[in-house]
Amino acid sequence: AFVLAGLASLLVALCFAEVASRFEDTGGPYLYTRAAFGRFIGFEVGWMQWVTRVTSYASVINGIALAVGFYWQGATSGLGRVMVIVSVMVFLAVVNVRGIRQTSWVVNALTFGKLVPLFVFIAVGISFIDLGSLASLPEVSTTEVSTAALLLMFVFGGYDVISVPAGEAKEPRTHMPFALVMTILAVTAVMTMGQIVTMSLLPDLANSKTPMADAALVTMGSFGALMIGVGSVISMTGNNAGHVLTGSRMLFALAEKGELPRRFGSIHEKFRTPANAVIITTGVSLVLALSGSFVVLAAASAVARLITYTGVCAATLMLRRAQFTGKVKPAIFVTPFGVTVPVLAILASVSIVMGASRAQVLGGLTGLAIGGILFWFNNRLNPKVREFDSKNP
């Protein structure tokens with residue numbers, strides 16, 4: 001399942017890599033779909049990507065509370081859970097307001113801090129791999145397969161925001177394609193090996209809330225469990241730092257183009273960062289985090305994310321057409337095998353969405369509807385945006 005999810009994600013990432021090599025401004029998928037299909041579709045994709053960021057942020061911050069709960073049970077409920085969630089969110093908001101350089105330092109440091117425990121866990125656990133434990137599985141229903149597919153899309157998600165802050169990066173058209181493809185290959189390798197080791201060590205894996213920590217306890221004792229527990233917190237904190245960074249930049253990009261009120265994209269006078277967008281992204285995520293659970297929010301995030309995937313894969317095909325020659329920059333990286341990869345990526349994304357529950361699909365449609373209402377109101381309040389767009393398609 002992890003390998004298949006990695007392959008499906010690679011198909012989508014290749015599409016992202018091609019369109020990212022055409023642009024160098026902040027906005028990512030919003031820019032790509034806006035150029036290909038116009039303002040409304042572009043706005044909806046950008047809006048849903050922001051919805052993905054806040055729901056992902058809210059779900060992963062709940063994961064931090066679960067990880068801390070391995071040693072302090074009070075962190076999983078009540079006031080203890082609120083304290084953990086609020087303290088991490090406030091810290092990340094402050095870092096993001098102070099500057100993208102400070103945020104990148106934090107993300108890089110946390111990335112290094114999470115990879116070391118994972119590599120140690122896999123290296124030690126390789127000798128314990130039992131292929132027999134991978135051979136037999138209980139019966140799995142269609143509903144369980146659909147649920148698993150959505151959660152795996154959540155696990156592999158995040159690469160879609162690599163290109164969002166391109167306007168603050170050096171040579172993004174060259175660097176983004178490499179970053180997108182290598183991210184998927186690395187994540188697939190690490191997650192698959194981690195899953196195989198964990199399944200080998202924990203016969204009752206499905207009933208564990210902290211599976212890697214429990215598996216590390218078997219091989220390395222209390223030190224191993226602590227290492228994975230701390231590594232999990234570091235990993236999820238770094239992930240959340242990225243959510244605030246890219247979520248706020250998406251709001252900024254929409255406001256900069258006039259698709260949202262300008263106040264959403266206001267720049268801090270001292271730090272020159274989109275401070276309002278950081279605060280709004282953090283505030284909405286906080287409300288969701290305190291009111292929801294990890295699994296529910298993760299599934300909601302996955303549904304919203306697949307809408308973005310489908311839009312970008314379709315934009316990959318559209319921007320290749322002759323009518324866009326001279327309107328967008330030529331692609332530095334071109335996805336191989338012609339239309340095959342984008343078409344397969346679209347089919348994979350649509351099939352996973354079709355497997356979602358009625359409530360999950362309804363949640364995705366509600367997000368799209370709210371975005372459409374915001375778009376309509378902003379057009380009524382700011383008619384100059386329509387005029388600008390007609391002169392600068």
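The values are calculated or read from the model by the stated rules, or taken from the named source; none is laboratory data. Note that this is a predicted model, so its numbers are computed, not measured. Positions of Cβ are generated from backbone atoms using ideal geometry, with glycine treated the same way; all protein chains shown enter the neighbour counts. Surface accessibility is based on the protein's heavy atoms, side chains included, excluding ligands, DNA and RNA. Shrake-Rupley method; radii C 1.70, N 1.55, O 1.52, S 1.80 Å.
Nothing charged except the Cβ atoms of Lys and Arg (+1) and of Asp and Glu (-1): what's the magnitude of the dipole of the chain about its Cα centre? Round to the nearest 20 debye. Don't jump to the answer; show the numbers that get you there.
Numbers: 27 positive and 17 negative charges, 295 e Å.
Roughly 1420 debye for the chain.
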Q: Report, to the nearest 10°, how far helix 142-156 tilts away from the longest principal axis of the Cα atoms in the chain, using its own Cα long axis and a range of 0 to 90°.
A: 70
Q: Report, to the nearest 10°, how far helix 39-68 tilts away from the longest principal axis of the Cα atoms in the chain, using its own Cα long axis and a range of 0 to 90°.
A: 20
**Q.** For Rg and Dmax of the Cα atoms in Å, calculated from these coordinates, the label among [x] 21.6, 76; [y] 20.9, 66; [z] 20.5, 72
**A.** [y]
Q: Calculate how steeply helix 78-98 sits against the longest principal axis of the alpha-carbon atoms of the chain, using the helix alpha-carbon long axis, and give the answer as 0 to 90 degrees to the nearest 10.
A: 40
Q. For the charge dipole of the chain, defined by +1 on Lys and Arg C-beta atoms and -1 on Asp and Glu C-beta atoms about the Cα centroid, which residue among Ala186, Tyr71, Phe324 has the Cα displaced farthest towards the positive pole?
A. Phe324
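Evaluate the charge dipole of region 103-243 about its Cα centre and quote only its size in Debye, nearest 20, assuming +1 on the Cβ of each Lys and Arg and -1 on the Cβ of each Asp and Glu. Walk me through the numbers on the way to the answer.
Numbers: 4 positive and 8 negative charges, 78 e Å.
Result for region 103-243 is approximately 380 debye, rounded to the nearest 20.
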Q | In nm, spacing of pseudo-spin labels at Asn382 and Val190 (7 Å Cα→C-beta vector) | A | 3.7
Q | For region 145-184 versus region 343-372, the gap between their alpha-carbon centres in whole angstrom | A | 19
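Could the peptides 147-153, 37-43, 133-139 be put in order, highest first, of the mean number of other beta-carbon atoms found within 10 Å of their residues? Spell out each step's value before the answer.
Working: 147-153: 20.4, 37-43: 18.4, 133-139: 8.4.
Most protected by this proxy first, the peptides run 147-153, 37-43, 133-139.
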Q. What residue among Asn378, Asn276, Asn207 has the largest mean-square fluctuation in a Gaussian network model of the chain, using Cα springs under 10 Å?
A. Asn207
**Q.** Listed residues Val244, Val120, Val95, most fluctuating in the chain (Gaussian network, C-alpha, under 10 Å)
**A.** Val120
Q: Report, to the nearest whole %, how much of the accessible area of region 1-60 belongs to carbon and sulfur atoms, 1.4 Å probe, protein only.
A: 72
Q) How many angstrom separate the Cα center of region 231-290 from the Cα center of region 193-219? A) 35
Q) On average, how much accessible surface per residue is there in region 182-295, in Å², for a 1.4 Å probe, leaving out ligands, DNA and RNA? A) 44
**Q.** Ordering of 320-333, 251-264 by burial proxy (mean other Cβ atoms within 10 Å per residue, highest first)
**A.** 251-264, 320-333
Q) Quick one: if you stick a label point 7 Å off each Cα along the C-beta vector at Ala1 and Leu79, how many nm between them? A) 3.9
(Q) Starting from 0.36 nm per residue, how many nanometres of slack lie between Glu168 and Thr143 once their C-alpha separation is accounted for? (A) 4.8 nm
